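Chemist: After the structure tokens below, expect a handful of questions from me.
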Amino acid sequence: MDGADATPLVPGQTKLVAPKTRRGRRFLEARAPKAVEDAKRCLFLYGNQTSQVIKDVITDLYQLKRLEAARFSRKNENVRPFEPGGETSLEFYCNRNNCPMFVMGSHSKKRPHNLVIGRMFDFHLYDALELGVEEFKGIKDFGAAGTGAQMGNKPLIIFMGEKFESVPALALAKSLLLDLFRGEQVDKINLAGIDRVVMAVALDDARLQLRQYSIRFKKSGTRIPRVALTEMGPTMGLSVRRYRLPPSDMAAEAMKVARTGKKKQKNVSSDNLDGKVGRIYMPKQSMDTLGLSKYKGTKRERRESAREASEAKKRPKTATAPTTAGGDDE
């Protein structure tokens, strides 16, 4: 989108951007919230300082998510997700490139070979996890086995260890890795397109291993083929350092799910025998004022009663003599 389509974004901007052209309107509609979200784009960038190990890690992770990612090649001094105010530039970069996820690599004496994975909600920092790369073996170190998977295919993701459910830092790592590798959400998948496995193993409360294998289907003499796994890289040994959980109010807002089904109808239910059943509420009725159907057998009685009533009106009224309490005089 060029500058004529919408107002340029600036860091810390809170004003709603209004589209000026049809192209700008389509651009903003593509970024609007959806009932079924698209694949999460990821921004790969470097911090103030970096190392060759971190460069290789960022390169391999970018290759695995190349179709749904953007990459910065220069260093960014002001990006510090775990410091107050250090996320402003990061939020601006993610908003500019439409990336709700980010992977940042840095290196320092205090935290060597540092890798930060995080997410955005409404392009504000939602959560983040800091990992230290202790062991690394890249895709190019596996030779021809590193080219066994096709770009764009969805992988199988396996998490081994109960620590991914009980330890908060590893539970956050599981959620981040799922969003990073799963791609677009689909209802069905072709088994022939599954050509790699991403496996994460929890060693203890603060360490995990990440490995990737290519899948090969070989003959087994039956209809079900024999599955052979070959390690293809990257292979990483990671240690948990710092992590940032989302605020409770932001987490509640992010977990809301739009209602996509039909609107519920009042006083309507379903029955296995009668099918759709409706309930009608009527006001209280009086049988005296209710207009009911009249039968022919009651017409003679109505005529006779009407005639007697009319004759009673025509009769003269007779005066009655007054009576005394003491009786007749003698």
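Chemist: What residues qualify as long-range amide H neighbours of Thr50, i.e. H under 5 Å apart, gap of 5 or more or another chain, H built at 1.01 Å from N?
Modeler: Result for Thr50 returns His107.
Chemist: Between (i) 55, 45, 41; (ii) 145, 62, 50; (iii) 53, 50, 44, which matches Cα extents along the principal axes in Å calculated for the structure shown?
Modeler: The calculated read-out lines up with (ii).
Chemist: Now, a different point. For helix 168-181, what angle does its Cα long axis make with the longest principal axis of the chain, in degrees from 0 to 90 and rounded to 10?
Modeler: Helix 168-181 sits at roughly 90 degrees to that axis.
Chemist: Go through Val167, Gln209, Leu64 and say which Cα lies farthest out towards the positive end of the charge dipole of region 39-242; charges sit on Cβ, +1 for Lys and Arg, -1 for Asp and Glu.
Modeler: About the Cα centre, the residue reaching furthest to the positive side is Leu64.
Chemist: Then there is this: Just name one of Leu131, Leu178, Ile117: the one whose Cα is farthest towards the positive end of the charge dipole of the chain (beta-carbon charges, Lys/Arg +1, Asp/Glu -1).
Modeler: The residue sitting most towards the positive pole is Leu178.
Chemist: In whole percent, what relative contact order does the chain give with Cα contacts below 8 Å and a gap of six or more residues?
Modeler: Relative CO of the chain lands at 14 percent.
Chemist: Taking a probe of 1.4 Å, how large is the accessible area per residue of region 39-242, in Å²? Before the final figure, lay out the partial values.
Modeler: Details: 10540 Å² over 204 residues.
Accessible surface, normalised per residue, equals 52 Å².
Chemist: For Lys163, which lysines qualify as cross-link partners when the Cα separation must be under 18 Å and same-chain residues fewer than eight apart are set aside?
Modeler: Lys174
Chemist: Give me the percent of accessible area attributable to carbon and sulfur for the chain, probe 1.4 angstrom.
Modeler: 51
Chemist: If Lys and Arg each add +1 and Asp and Glu each add -1, what is the summed charge of the other residues whose beta carbon sits under 12 Å from the beta carbon of Ala202?
Modeler: Net charge around Ala202: -1.
Chemist: Are there GluC sites (Glu not before Pro) in region 17-94 that DSSP puts in a loop and that have at most 12 other Cβ atoms within 10 Å, and which ones? The partial results should precede the final answer.
Modeler: Details: sites: Glu29, Glu37, Glu68, Glu77, Glu87, Glu91; in loops: Glu37, Glu77, Glu87.
Sites meeting the loop and neighbour criteria: Glu37, Glu77.
Chemist: Hey, got the dipole for the chain? About the Cα centre, +1 on K and R Cβ, -1 on D and E Cβ, debye to the nearest 20?
Modeler: Numbers: 60 positive and 39 negative charges, 321 e Å.
Charge dipole, the chain, about its Cα centre: 1540 debye, nearest 20.
Chemist: A further question on this structure: Under unit Cβ charges (Lys, Arg +1; Asp, Glu -1), what dipole magnitude, rounded to 20 debye, does region 50-166 have relative to its Cα centre?
Modeler: Details: 16 positive and 15 negative charges, 96 e Å.
Roughly 460 debye, rounded to the nearest 20.
The values are calculated or read from the model by the stated rules, or taken from the named source; none is laboratory data. Everything quoted here is computed from the prediction, not taken from an experiment. FYI the Cβ positions are ideal-geometry reconstructions off the backbone, even for glycines, and counts take in every protein chain you see. Ligands, DNA and RNA are stripped out before the accessible areas are found, and what is left, the full protein with its side chains, is counted by its heavy atoms. Shrake-Rupley method; radii C 1.70, N 1.55, O 1.52, S 1.80 Å.
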